[in-house]
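Each remark here refers to the structure printed beneath this line.
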Amino acid sequence: MSEFTQIRLDKSDDGIATITLNRPEKMNAFTRVMGAEIIAAMDDIDADDAVRAVIFTGAGEKAFCAGADLTPEGGGHVFSDPEEVEDLSDERVRDGGGLVTLRLFESTKPLISACNGVAVGIGATMQLAMDIRLAATHARYGFVFARRGIVPEAASSWFLPRIVGISQALEWCYSGKVFDAEEARAGGLVRSLHAPEDLLDEARKLAREIAANTSAVSVAMTRAMMWRLMNTDHPMEAHRIDSRAIYRLSRGADAREGIASFLEKRNPVYPGKVSEDMPDFYPWWDTRGYE
């Protein structure tokens, strides 16, 4: 889409959107412009009921995203802000990577990362808010913040331990080392490794499996429930939400189509739209204080 300068947004007829970080000459290094464009692309995608799944990847063969662009042409970053802000609640204090991952967290569509190369700093942490992570065999990851005198950003202190466990998260962040794709797979950061030439095809295969066989409303509810309920104090909190969701959705058109297509041994055609047909109690969480 022409309005983007540092990413590409492509939508296919089979319900898959692909966001490509598009600064290959800079190894797709992250800027404030790129962050704003990712957020805008997600707003577009969530408003489009035809999109059923989203793939993220990087342009070129070397990098998914080599971290924040620390050069002058990068357009500014936390290290280069000339003005000291005393009030830590000031909007200018907010981490740009965190704005991106918070927006990804709010997605109603499943997010798949196809990491095609180097992913360090924000290049690694932005992927934590995605649901399924695939990597090329030559990909490398690094939570390098301690080697830059700062701390993990993009809300990664919330995401990373939930994905890989606290001990593995601390080891990677304490050392700040860059590690290979096999270590990422063994540590639970990525689902599977693929030859570079096969990576996007594998991601699209997974996205098509979702798009062709599932209810968009069911997937949106499932995503919200899984991310928000996995660390509640008691399973009763999850029971309250899934009871309400089952009750409402079981009386909807998608449930009728799901049962009919199963009994008739045919592919389903779900009529439900996330923009119109989410249960009346969605969203059930309190977002006050997030902004």
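The values are calculated or read from the model by the stated rules, or taken from the named source; none is laboratory data. Because the structure is predicted, anything quoted here is derived from the model rather than measured. Note that each Cβ is placed from the backbone with ideal geometry, even for glycine, and that neighbours are counted across all protein chains shown.
Quick notes on this structure:
- Filtering Ala63, Ala40, Ala29, Ala53 for residues that are surrounded by 13 or more Cβ atoms within 10 Å (Cβ to Cβ), assigned by TED's automatic domain parsing to the domain that holds Lys177, in contact with a Phe, Trp or Tyr (Cβ under 9 Å, 6 or more places away or on another chain) and modelled with pLDDT of 85 or more leaves a single hit, Ala40.
- For Ile210, the requirement of being modelled with pLDDT of 95 or more, over 24 Å from the mean Cα position of the chain (by Cα) and of a type in the set (Val, Ile, Thr) is not met.
- The stretch 153-206, residues that are touching a helix residue (DSSP H, G or I) at 6+ places or on another chain (Cβ under 9 Å) and either among the basic types (Lys, Arg) or not assigned by TED's automatic domain parsing to the domain that holds Phe30 (or both): Arg162, Lys177, Arg191
- Among residues of the stretch 87-143, those that are touching a strand residue (DSSP E or B) at 6+ places or on another chain (Cβ under 9 Å), surrounded by fewer than 23 Cβ atoms within 10 Å (Cβ to Cβ), of a type in the set (Val, Ile, Thr) and closer than 22 Å to Ser218 by Cβ, counted: 1
- Tallying residues that are touching a Leu at 6+ places or on another chain (Cβ under 6 Å) and either charged (D, E, K, R) or assigned to a loop (DSSP other than H, G, I, E, B) (or both) within the stretch 152-190 yields 1.
- Selection of first residues in the stretch 213-239 that are among the acidic types (Asp, Glu) and of second residues that are in a helix (DSSP H, G or I), restricted to Cβ pairs under 7 Å at least 6 apart or on distinct chains, gives the following pairs, ordered by first then second residue: Glu237/Leu229.
- The set of residues in the stretch 135-148 that are of a type in the set (Gly, Ala, Ser) and more than 20 Å from the chain's Cα centre (by Cα) contains only Ala146.
- Residue count for the stretch 13-50, restricted to those that are in contact with a Ser or Thr (Cβ under 9 Å, 6 or more places away or on another chain) and among the β-branched types (Val, Ile, Thr): 5
- The set of residues in the stretch 149-187 that are among the charged types (D, E, K, R), under 20 Å from the mean Cα position of the chain (by Cα) and surrounded by fewer than 17 Cβ atoms within 10 Å (Cβ to Cβ) contains only Arg162.
- Residue among Ala216, Ala211, Ala253, Ala195 that alone is in contact with a Gly (Cβ under 7 Å, 6 or more places away or on another chain) and surrounded by fewer than 15 Cβ atoms within 10 Å (Cβ to Cβ): Ala253
- Hey, Arg228 surrounded by 18 or more Cβ atoms within 10 Å (Cβ to Cβ) and either outside the structural domain of Asp254 (by TED's automatic domain parsing) or in a helix (DSSP H, G or I) (or both) or not: no
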